[in-house]
1. Amide H to amide H, which residues 5 or more places from Leu114 or on other chains are under 5 Å from it, using H placed in the peptide plane?
2. For a quick check: sort Asp80, Asp157 by the number of other beta carbons within 10 angstrom, fewest at the front.
3. Using 7 Å Cα-to-Cβ label points, what is the Asp181/Leu24 separation (nm, one decimal)?
4. Just to confirm a number: summing +1 for Lys and Arg and -1 for Asp and Glu over residues other than Ala68 whose beta-carbon lies under 14 angstrom from that of Ala68, what do you get?
5. Label-point separation (nm) for Asn270 and Leu151, each offset 7 Å from Cα along Cα-to-Cβ?
6. Give the Debye-formula value of log10 I(q)/I(0) at each listed q (0.10, 0.17, 0.20, 0.22 Å⁻¹), with one equal scatterer per alpha carbon of the range 267-414, two decimals each.
7. Sorting check: for 81-88, 13-20, which peptide has the highest mean count of neighbouring beta carbons within 10 Å, and how do the rest follow?
8. What does the extension gain come out to for Ala280 and Leu193, with contour length at 0.36 nm per residue minus their alpha carbon separation?
Amino acid sequence: MISFKEFFRTRMARSFTLLFAAMLLLANLTVYLVSGIQYSLQTERQEASFVEMMRHLAEWEDEATVVAFLEHYGHTHGVDIRYVDDLGNLVYATEAFPEGVDPIAIVSSEGTPLGTLSIGYRQSLYGSELVWGLVFVNGVSAILFVTALMLLRRYLDRQYAILDEDMARIGIKDAEFRFRDIAAVNVRYTAALAAEEELKTIQAHYVRLLAHDVKTPLTVMKTYLDGIRSGRIVFDDEVNAELIAQIAEIEKTVPQFIEQDLRQVSIRQNVTPVVREHLARLGEVFRTKSMNVLVRGTDMTLDIAAADLIRILEHLVFNAFYYSEPGGTIEVRIDAALKRMTVSDTGIGMSAETLDAIRAGSHRAQEASRYNQKGSGVGLQIVFEIAARIGAKIEIESEPGKGTTVTVWFDRTNAAKDA
């Protein structure tokens, strides 16, 4: 495990250095091999031309001309030369005799031997030129690499500083980040923190609720046992049955809480952010019909399970979505003073007869089928059932062609009228 700083400063510099050294070594080998091949080919061509010229001079020119040519060739080409005529006499030789080379026979155009020529190539001269050339190129490359490495390190140091600043902001909701990946991590992290806080709140409420539900049967059992101990109550079959019934009540209560989804537990919470965040997640759905969704109102605190609130909201908002023309408006208004939530739309609306039928049970008007063929008419029934369970009231106002307004009164004392 390494830190970002170690990765940026050490690992990357080491990796770049090794890569540069490998590439430079490969380049040197390539240059050396290619140059050696090219040198050999060029030497062969020069030697063939040299031998041909010597044949011509030995056959048609005098010895002085041959010697002058050999001196000039040896000086300009940097080679060792030894020339012996057909009688075995040494005609010309450089100070350093060619060693370890086979003499080349010089023959006239008619096939008459004219002498032998030995040529010794000074490989060290070629080698030194190539070595110094490679040293120069490698030196310049190393200087450029070190310069680039220093610039890269400065750049990486700046990026690390930015990364360090981004890391320090992790955990702050809606913080600004330079790195997109860290911003995504922060979204997940803050969501996890919020979920943890929510679960802690639910857990505390869960424990209080469990203690309250178990307290009643325990109190009854204590009362009976105290009475039996003091002699006020006679332990008979009826008392025994009551004690067993209270134990059964506890046995029934505890598993219910264990199996229950904690998010189904009613807790005191601010519902306005829940409404806004859930509608924001549904934004892509609304954009398919270019719907304009407005959320108005201030913070409102209620004792309600998040799941119940979301179910009510979804059914009302999706009804408004399905039964509105593209480009319509859906407005969700939260009234904290009256403890109510209102969902209004500019959709097709409903007649008084349709409203009466909906209150009586699942119902869909014929006009509704044109907008949503898959609808079943049970959406509002689910809303009615949840409202009845949590003690809320539902009020519906609608007019064909002008839209619908559904008001959920969460506080029974503030309900305007029954649904």
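1. For Leu114, the qualifying residues are Ile106, Val107, Ser108.
2. Listed from fewest to most nearby Cβ atoms, that is Asp157, Asp80.
3. Calculated label separation equals 3.0 nm.
4. It works out to a net charge of -4.
5. 5.1 nm
6. These q points yield log10 I(q)/I(0) values of -0.32, -0.96, -1.34, -1.57.
7. My ranking of the peptides, most packed first, is 81-88, 13-20.
8. Stretched fully, the Ala280-Leu193 segment lengthens by 29.3 nm.
Every number in this text was worked out from the coordinates using simple rules, so none of it is lab data. Computed from a predicted model, the values in this text were never measured in an experiment. Glycine gets a Cβ as well: all are built from the backbone with ideal geometry, and neighbour counts include every protein chain shown.
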